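Structure first, then comments.
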Amino acid sequence: MLGFGLSIEPQLWVLLFVMVRVSAAFVAAPVFGAVSVPLPVRVTLAAAIGILIMNSRQIAVPQQIFALTTFLAIAAEALVGLAMGFILQIAFAAPLVAGELIGNSMGIGFASAIDPQNGRSSTALGQFLLVLMTLLFLSVNGHLMLVEMLARSYEVLPPGRAWLNPLQLKDIALFGGYAFAAGFLLALPVGFILLCLNLIVGMLSRSAPSLNLFAVGLPISLAVGVAALAVAFPAMGDFMVVIVREGLGAINSLVLG
């Protein structure tokens, strides 16, 4: 009997309470929060992980359902879950930034596709890099690390004391700059080559004003960009793994402490 005469199975109430943090993390996190992932799949995964956490941790839940302290505790649970997923989402924005920079330099910035993560339109090259990073994220068991950190968060931030302090929220906001920094570094090898090419084409246009810049510059930019991407893919893949680990490390340091 929990709150105002409402009868509910105690274990079910614990499961629902645990699912708040897990579901909030899945809503904000990449891969799990993709628009293409059906809602029943997300709910089933959240319930399965909630049962796992219930069996491995001692979860103290509020006894009064319709009480102010309960609503505040649920809000705190959602805040922690959203913070963990949002940090990882920031790291996954780096390939989109890199794809935008490289695509505009190659002259294919107009080629866009629907982002399966959020349902919005983005550059096709950015989508390709995002898919590559998603595969690398799964290959290094990043999804399992996220689940492990969700389970560990109940030790560091137990229910009832799960509010993030202002300093943690500030650090999470400042981590947003990492998406731009990592995106620029990811695009640096190909972007530098294309920048040198644009300088050469610019000098040619000055020395030969009658030269059709669009007829000559665009095919060369496409050819050199594709070749540079093929050469730089191994290094870009290694750096994407570093970005994934940085995102997971930021969750561990900024949220879990």
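The condition (being modelled with pLDDT of 85 or more and of a type in the set (S, T, N, Q)) is satisfied by just one residue among Thr123, Thr134: Thr134.
Filtering the range 214-223 to residues that are touching a residue at least 24 places away in the same chain (Cβ under 8 Å) and either surrounded by fewer than 18 Cβ atoms within 10 Å (Cβ to Cβ) or within 26 Å of the chain's Cα centre (by Cα) (or both) leaves Leu218, Leu222. Among the conditions (1) part of a loop (DSSP other than H, G, I, E, B); (2) modelled with pLDDT under 85, Pro30 misses just one, which is (2).
Which ones in the range 26-57 are under 24 Å from Pro10 (Cα atoms) and open to solvent by less than 50 Å² (accessible area, probe 1.4 Å)?
Residues of the range 26-57 that are under 24 Å from Pro10 (Cα atoms), as a first pass: 40, 42-57.
Result: Ala46, Ala47, Ile49, Gly50, Ile53, Met54.
Where residues in the range 175-213 are without any contact (Cβ under 8 Å) to a residue 60 or more places away in the chain and among the polar types (S, T, N, Q), which of them is least open to solvent (accessible area, probe 1.4 Å)? Checked the range 175-213; the qualifying residue least open to solvent (accessible area, probe 1.4 Å) is Ser205. Checked against the criterion of being under 12 Å from Val14 (Cα atoms) and surrounded by fewer than 18 Cβ atoms within 10 Å (Cβ to Cβ), the candidates Ala75, Ala60 yield just one match: Ala60.
For the range 63-72, give me each residue that is surrounded by 13 or more Cβ atoms within 10 Å (Cβ to Cβ), assigned to a helix (DSSP H, G or I) and among the aliphatic types (A, V, I, L, M).
Of the residues in the range 63-72, the ones surrounded by 13 or more Cβ atoms within 10 Å (Cβ to Cβ) are 63, 65, 67, 70, 72.
Add one more test, that the residue is assigned to a helix (DSSP H, G or I), and what stays is 70, 72.
Leu72, the sole residue that qualifies.
Does Asn165 satisfy the criteria of being surrounded by fewer than 14 Cβ atoms within 10 Å (Cβ to Cβ) and either in contact with a Lys or Arg (Cβ under 9 Å, 6 or more places away or on another chain) or under 16 Å from Met84 (Cα atoms) (or both)? Considered against the rule, which asks whether it is surrounded by fewer than 14 Cβ atoms within 10 Å (Cβ to Cβ) and either in contact with a Lys or Arg (Cβ under 9 Å, 6 or more places away or on another chain) or under 16 Å from Met84 (Cα atoms) (or both), Asn165 comes out as yes.
The values are calculated or read from the model by the stated rules, or taken from the named source; none is laboratory data. This structure is a prediction, so every number in the text was calculated from the model and none was measured. Note that each Cβ is placed from the backbone with ideal geometry, even for glycine, and that neighbours are counted across all protein chains shown. Calculation scope for accessible area: heavy atoms of the full protein, side chains included, ligands and nucleic acids excluded. Shrake-Rupley method; radii C 1.70, N 1.55, O 1.52, S 1.80 Å.
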